[in-house]
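**Student:** Sharing a structure here in structure tokens format.
The values are calculated or read from the model by the stated rules, or taken from the named source; none is laboratory data. Bear in mind that the values here come from a model prediction, so they are computed numbers and not experimental data. All Cβ positions, even for glycine, are placed from backbone atoms using ideal geometry, and neighbour counts span all protein chains on display. Side chains included, ligands, DNA and RNA excluded: accessible areas come from the protein's heavy atoms. Shrake-Rupley method; radii C 1.70, N 1.55, O 1.52, S 1.80 Å.
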Amino acid sequence: MALLIIGLVLFVLLVVVHEFGHYIAARKNDVDVEEFGVGFPPKIYGRKFKNHLTEYTINLLPLGGFVRLKGEHDADTEKNSFGAASFGAKAKILMAGVGMNLATALAIFTVLAWVGMPQLPLPNNEQQFTVASDSSVVSSKLYATLVAEGSPAEKIGIQQRDILLQGSSLKCIDEICTAEGDPVIFSTQENLREFTSENAGKKVEISFLKNSTDTVTTGNTTLLSSEEVAASKNSADGEKGYLGVATYEFSTVRSTWSAPIVAVGLSAQFTKLTLQGLGGALANLFAGNTAEASENVSGPIGIFFILKEGATLGSGYILLIIGLLSLTLAIMNALPIPALDGGRLAVMLGFRALKKPLTPQLEEKIHATGFVALIGLIILISIVDVRRFF
């Protein structure tokens, strides 16, 4: 629970960091910041410091933060307003939030690479970016992800999210069983495959760690023989093997001198995967496949459950999720989507290219339309998330 709360707080801070980028860039380019808010209104508390124009506020809805600039329309002309700034200054202010989120992601990835980077399952069996000559596995755990009904694993109480610890073959005489040889530590899927293959049809002792507890449970069961595997629908699935459990190998890889390189490479890799995912979602959306369009993306509800699941895997996994969310915020805000930073910049640039005036009314209509579309997409994704997680 503590890790989940920390993860949620860090997620909110990502938005605050984003807005802080806008704040710093505005100040450096002589644009007045009228309000810097943590959370969204209604306001709970506000204060102006001596010789400061900015009101710093704490607001009721803990969904991030915002910066309110003086004269936020492109056509505003008042001194020290956003509209009166040069186009270059406006671009810096709008993209500063993207820069802050990207810098945050790179910092998190660098630290994780130094201490141990969790390895994620990627599409098409793609391997997570590492520098092979400077990478070493520092830990590896085998989590149960699916337990077949009536399988040997189910009979000894193995459930989803349990950690498989070790196994020993048993020699039984008159129902008295003793372990034969040294136990096999289940730190990789290959360990489990070798153990079940070598002991097919034999009685074994399996130890496992119950999910979210420190309780080690040990149970005796008989693995299915090759003939029984062939005859059993539950066990014939190659992923389940003779024990009847599908597993996820959760490992962490540590780097030394290459940690910053891993951070950059990982950011590039996940940027590519994110853009591919967005492209696929848009293609499905235009084709009318709304369920498929939202299948591989998550909204606020999905993020909560991802953090909740991540909390069971430890602080490193939570930090990786936060780093990926920071990178995603940077990517989304850099895209030319109306109402977001990249969209505002694209609209201003487009009207300059067309040599047409961008009136405050037209600017508000464009971004209001984009905002409504984004809210509609978030609602659609949230509906899918509810079906997915409840």
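**Student:** Go through PHE109, PHE11, PHE36, PHE20 for me and flag whichever is closer than 16 Å to ASP341 by Cβ and either assigned to a helix (DSSP H, G or I) or of a type in the set (A, V, I, L, M, F, W, C) (or both).
**Tutor:** Result of the check over PHE109, PHE11, PHE36, PHE20: PHE20.
**Student:** For region 157-179, what are the residues that are farther than 15 Å from LEU243 by Cβ and exposed (fewer than 15 other Cβ atoms within 10 Å of the Cβ)?
**Tutor:** Scanning region 157-179 gives LYS171, CYS172, ILE173, ASP174, GLU175, ILE176, THR178, ALA179.
**Student:** Another question, if that's okay. If you take the residues of region 61-90 that are aliphatic (A, V, I, L, M) and closer than 17 Å to GLU19 by Cβ, which of them is nearest to the chain's Cα centre (by Cα)?
**Tutor:** Of everything passing the filter in region 61-90, LEU63 is nearest to the chain's Cα centre (by Cα).
**Student:** Related question: Within region 382-389, is even one residue among the aromatic types (Phe, Trp, Tyr), at pLDDT below 85, outside any helix (DSSP H, G or I) and out of contact with any Ser or Thr (no Cβ under 9 Å at 6 or more places or on another chain)?
**Tutor:** no
**Student:** What about ALA148, is it open to solvent by less than 50 Å² (accessible area, probe 1.4 Å) and modelled with pLDDT of 90 or more?
**Tutor:** no
**Student:** Let me ask another. Tell me the residue from LEU63, LEU53 that is in a strand (DSSP E or B), out of contact with any Cys (no Cβ under 8 Å at 6 or more places or on another chain), touching a residue at least 12 places away in the same chain (Cβ under 8 Å) and exposed (fewer than 15 other Cβ atoms within 10 Å of the Cβ), please.
**Tutor:** LEU63
**Student:** Output the qualifying pairs, or none if there are none: Cβ atoms under 6 angstrom, residues six or more apart or on different chains, first residue in region 140-157 and without any contact (Cβ under 8 Å) to a residue 60 or more places away in the chain, second residue open to solvent by 60 Å² or more (accessible area, probe 1.4 Å) and assigned to a loop (DSSP other than H, G, I, E, B).
**Tutor:** none
**Student:** Could you tell me which residue of region 2-41 is nearest to the chain's Cα centre (by Cα), considering only residues that are of a type outside the set (A, V, I, L, M), more than 13 Å from ALA96 (Cα to Cα) and open to solvent by less than 50 Å² (accessible area, probe 1.4 Å)?
**Tutor:** The selected residue is GLY7.
**Student:** Something else: List pairs: first residue in region 355-381 and closer than 30 Å to THR77 by Cα, second residue crowded, with 16+ Cβ neighbours inside 10 Å and basic (Lys, Arg) anywhere in the structure, Cβ distance under 7 angstrom, at least six positions apart or on different chains.
**Tutor:** Note: pairs meeting the criteria are HIS367/ARG344.
**Student:** Name the pairs: first residue in region 237-251 and at pLDDT below 70, second residue open to solvent by 20 Å² or more (accessible area, probe 1.4 Å) and of a type in the set (A, V, I, L, M, F, W, C), Cβ to Cβ under 8 Å, at least 6 apart or on different chains?
**Tutor:** GLU239/LEU146; LYS240/LEU146
**Student:** Name the single residue, out of those in region 328-371 being of a type in the set (S, T, N, Q) and part of a helix (DSSP H, G or I), that is most open to solvent (accessible area, probe 1.4 Å).
**Tutor:** Among those residues, the one meeting the criterion is GLN361.
**Student:** So, ILE58, is that one farther than 24 Å from GLU364 by Cβ, of a type outside the set (D, E, K, R), open to solvent by 80 Å² or more (accessible area, probe 1.4 Å) and under 23 Å from the mean Cα position of the chain (by Cα) or not?
**Tutor:** no
Conditions (1) modelled with pLDDT of 95 or more; (2) among the small types (Gly, Ala, Ser), marked per residue:
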{"residue": "ILE24", "(1), (2)": "yes, no"}
{"residue": "PRO41", "(1), (2)": "no, no"}
{"residue": "LEU63", "(1), (2)": "no, no"}
{"residue": "PHE66", "(1), (2)": "no, no"}
{"residue": "ALA89", "(1), (2)": "yes, yes"}
{"residue": "ASN101", "(1), (2)": "yes, no"}
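**Student:** Just one of the numbered conditions (1) free of Cβ contacts under 8 Å to residues at least 40 places away in the same chain; (2) more than 30 Å from LEU313 (Cβ to Cβ); (3) open to solvent by less than 80 Å² (accessible area, probe 1.4 Å) is not true of ILE44; which one?
**Tutor:** Here ILE44 clears every test but (3).
**Student:** Only one of GLU205, GLU154 is assigned to a helix (DSSP H, G or I), open to solvent by 40 Å² or more (accessible area, probe 1.4 Å) and within 21 Å of GLU249 (Cα to Cα); which?
**Tutor:** GLU154
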